Amino acid sequence: MLDHKQVKSITWKDGKLYLLDQTLLPIAVKVEEQMSVEQVWDSIKQLKVRGAPAIGVAGAYGLVVAMQDKSHLNREAFLAELQEKAAYLDSSRPTAVNLSWALKRTVKSVETSGGQSGAELLECLTKTAEEIHAEDIELCRKIGEHGVELIKDGMGLLTHCNAGRLATSEYGTATAPMYLAQERGVSFRVYSDESRPLLQGSRLTAWELLHAGVDVTTITDNMAAFVMQQGLIDMVIVGTDRVAANGDVANKIGTLGVAVLAAYFKIPVYVACPASTVDLSTPTGKEIFIEERGEDEVTHFGQRRTAPEGIKVRNPAFDVTPHELVAGIITDRGLIRAPYQENLHKIFGE
Ligand code: MRU
């Protein structure tokens with residue numbers, strides 16, 4: 001039988017990068033070796049690897065894949081090629097800041113390493129990518145530690161999209177407090193929004209929580225108001241792709257609707273993320289660039305067309321929840337409360 005804990009979104013082994021093809025879940029578990037930087041770009045674009053922290057880690061390793069056969073280059077040529085490949089990978093998805101954060105960090109570590117030969121620079125590049133990967137596991141565990149106390153016996157939680165193990169290297173962000181609460185024997189239920197159009201909630205969150213033995217129920221997005229009205233939800237926990245300096249948060253399309261509903265029913269909404277998702281250079285949510293994806297995701301359900309030919313379509317992949325609707329941001333550095341502008345700056349403004 002499949003041990004779901006062994007199913008990793010990203011595996012780095014013997015200098016090779018393997019990505020789980022998350023578009024095939026929950027039907028099939030298939031891992032693909034990434035043979036070129038173009039393949040890594042495509043895997044990120046197609047959401048084979050997805051979730052803010054995971055695309056950061058995949059991007060950093062993508063640079064290693066890009067530069068692996070460039071160790072013969074001198075320092076200047078190596079750095080020029082590295083910068084070009086980083087810009088290319090960064091163009092795959094725009095909203096989650098973790099991707100550009102990881103690429104910038106990786107490039108900077110190589111630039112400042114003092115290495116002269118291509119081989120030395122490649123070694124430094126690989127080391128930084130491995131560090132980002134290892135840190136991600138540690139940071140998610142810390143998010144769990146800072147959020148676990150929020151989950152009390154008997155609670156019903158609602159989550160949207162997938163901010164779980166599959167979106168990170170382990171534990172997840174929104175799911176980290178849940179996994180830790182489970183380890184401590186707290187009894188709780190989770191409602192997982194389906195998350196149209198790509199169904200990360202039902203395909204991925206429901207899959208990973210179910211296999212982890214968490215009491216999970218899948219609902220379609222338009223059922224959230226109903227379950228809240230029935231008193232089944234005590235708290236919402238979601239992930240985020242970017243936190244602006246004022247505490248506005250971008251997350252999977254539909255999160256704003258959930259937050260508005262929760263405010264009506266007086267249910268607190270918590271957002272979980274690592275430090276790499278906090279972007280103090282973006283003043284408010286208005287400046288967050290929202291990815292628009294292809295129209296087929298909206299006009300089709302799987303392979304089947306469900307909207308008329310020629311219809312006008314919008315497909316924003318994310319929305320922004322204003323900070324007024326956020327009860328707290330659970331990070332690896334602690335639980336941040338309002339006033340966000342001030343408190344985010346205090347904790348992340350180094
Ligand atoms: O389009 P996706 O599947 O990459 O969107 C993912 C989300 O919106 C997650 O909630 C977010 O990245 C947080 S992941 C820990």
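Highest GNM mean-square fluctuation among Arg333, Arg141, Arg203, for the chain modelled with Cα contacts below 10 Å: Arg333.
Estimated at 0.36 nm per residue, the fully extended path between Thr217 and Gln341 surpasses their Cα-Cα distance by 41.1 nm. Farthest toward the positive end of the dipole of the chain, out of Phe301, Val249, Val31, is the Cα of Phe301, where the dipole comes from beta carbon charges about the Cα centre.
For the stretch 298-314, the Karplus equation 6.51 cos²θ - 1.76 cosθ + 1.60, evaluated at θ = phi - 60°, returns couplings of 9, 7, 10, 10, x, 7, 8, 5, 10, 9, x, 4, x, 5, 6, 9, 10 Hz by residue, with Gly and Pro reported as x.
The 3J(HN,Hα) values that the Karplus relation (6.51, -1.76, 1.60; θ = phi - 60°) gives for the stretch 67-73 are, in residue order, 9, 4, 9, 10, 5, 7, 6 Hz. Gly and Pro appear as x. Averaging the sequence gap over all C-alpha pairs within less than 8 Å and six or more residues apart, then dividing by the number of residues, gives the chain a relative contact order of 16 percent.
Dipole of the stretch 240-335, Cα-centred, from +1 at each Lys and Arg C-beta and -1 at each Asp and Glu C-beta, to the nearest 20 debye? Intermediate results must be reported in sequence, preceding the final value.
Working: 10 positive and 13 negative charges, 54 e Å.
Taking the Cα centre of the stretch 240-335 as origin, the dipole is about 260 debye.
Label reach from Ala77 (point 7 Å along Cα→C-beta): in the stretch 94-128, amide nitrogens under 11 Å belong to 118.
Under 13 Å from the Cβ of Asp136, count the other residues' Cβ atoms, weight Lys and Arg +1, Asp and Glu -1, and hand me the total. If you can, show how the numbers build up before the last one.
Numbers: positive: Lys8, Arg105, Arg141, Lys142, Arg165; negative: Glu130, Glu131, Glu135, Glu138, Glu170, Asp332.
In short, -1.
For the stretch 121-134, 3J(HN,Hα) computed residue by residue from phi via the Karplus equation (6.51, -1.76, 1.60; θ = phi - 60°) reads 5, 5, 4, 5, 4, 5, 4, 5, 4, 5, 5, 4, 5, 5 Hz, glycine and proline entered as x. Note on Lys104: aspartates and glutamates with a C-alpha under 18 Å away, same-chain residues under 8 apart excluded, are Glu76, Glu81, Glu84, Asp90, Glu123, Glu130, Glu131, Glu135, Asp136, Asp241, Asp279, Glu350.
Under 5 Å from the amide H of Val216 lie the amide H atoms of Val190, each residue being 5 or more positions distant or on a separate chain, with H modelled from the backbone and absent for Pro and chain starts. With R₀ set to 30 Å, the beta-carbon distance separating Thr23 from Glu131 gives a calculated FRET efficiency near 0.60.
Pairs from the list Lys13/Lys142; Lys48/Lys70; Lys8/Lys45 with a Cα-Cα gap above 21 Å: Lys13/Lys142; Lys48/Lys70. In terms of its alpha-carbon gyration tensor, the stretch 1-85 comes out prolate; a/c meets the 1.5 threshold, and the first ratio a/b outweighs b/c. Here Lys266 is the anchor, and the lysines within straight C-alpha reach of less than 19 Å, apart from those fewer than 8 places off in the same chain, are Lys152. Report the charge-dipole magnitude of the chain in Debye, nearest 20, computed about the Cα centre from +1 at each Lys and Arg Cβ and -1 at each Asp and Glu Cβ. About 520 debye. Can you give me the C-alpha center-to-center distance between the stretch 182-259 and the stretch 118-149, rounded to a whole angstrom? Using only Cα atoms to place each centre, the spacing works out to 26 Å.
A full extension of the chain between Ala307 and Glu170 corresponds to an added length of 45.6 nm, given 0.36 nm per residue minus the alpha carbon distance.
Can you compute the FRET efficiency between Ala87 and Ser187 using 1/(1 + (r/R0)^6), with r the Cβ-Cβ distance and R0 = 45 Å? Round to the nearest 0.05. So, using R0 = 45 Å, E works out to roughly 0.40. Distance between the modelled labels on Glu111 and Glu324, one decimal in nanometres: 4.0 nm (7 Å Cα→Cβ projection).
Read-outs throughout are calculated quantities, based only on the coordinates presented, and are distinct from any laboratory measurement. None of the values given here were measured: they were computed from a predicted structure. So basically every Cβ, Gly included, is an ideal-geometry build from the backbone, and we count neighbours across all protein chains shown.
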